[in-house]
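Reviewing the structure listed below.
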Amino acid sequence: MESLAERKAEILDEFMMFDDWMQKYEHIIELGKELPLIEEQFKTEDHLIKGCQSRVWLHASEGDQGKVHFTADSDAIITKGLIALMIRYLGDLPAKDVASAEMDFIQEIGLQDHLSPTRSNGLVSMVKQMKLYGMALAAKQL
């Protein structure tokens, strides 16, 4: 299993390959096409992330060896890419690692500086919800 540091390095390397933010946005949109899609039964109000301008559904379940498995969907292509990027970073890690993960790669790739304020708030809400799922699963495992 890749560590968070390895995942972070991989993401940073990927984003460094692009010359401008149009290419980075295109990459984010491509990531959205690889998103592990949420089952229709979880596309409910309970799974909607509060604070997002677009509709984003996120579901977490306990996978193998207590790891957190995320699935999601969104009605906006950029947002779908953003949640896919967060799942790529935090998905299938032990619950305590999800709960305590540093998210500094977001600043390092310049993402927050290139999102609208509402989309930036939505990203913060996504991360917060993922970490809450991590905390809940970690507590359940004690």
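By how many degrees, between 0 and 90 and to the nearest 10, does the Cα long axis of helix 21-33 differ from the longest principal axis of the chain?
Its long axis makes an angle of about 30 degrees.
Using all alpha carbons of the chain, what is the percent of pairwise distances in each 10 Å bin, ordered from the shortest bin to the longest?
Final binned percentages: 12, 44, 36, 8, 0.
What's log10 of I(q)/I(0) for region 1-71 at q = 0.14, 0.26 Å⁻¹, Debye sum over Cα points only, no solvent?
Taken in order of the listed q values, log10 I(q)/I(0) reads -0.65, -1.15.
For the cross-link pairs K33/K131; K8/K131; K50/K131; K96/K128; K8/K50, which exceed 19 Å when the distance is taken from alpha carbon to alpha carbon?
In this structure, K33/K131; K8/K50 exceed 19 Å between Cα atoms.
Pop out the ³J(HN,Hα) list for region 51-56 in order, Karplus 6.51 cos²θ - 1.76 cosθ + 1.60 with θ = phi - 60°, rounded to Hz; leave Gly and Pro as x.
x, 9, 5, 8, 8, 10
Coordinate-derived values only; no laboratory data. In this text the structure is predicted, and so the values were computed from the model without any measurement.
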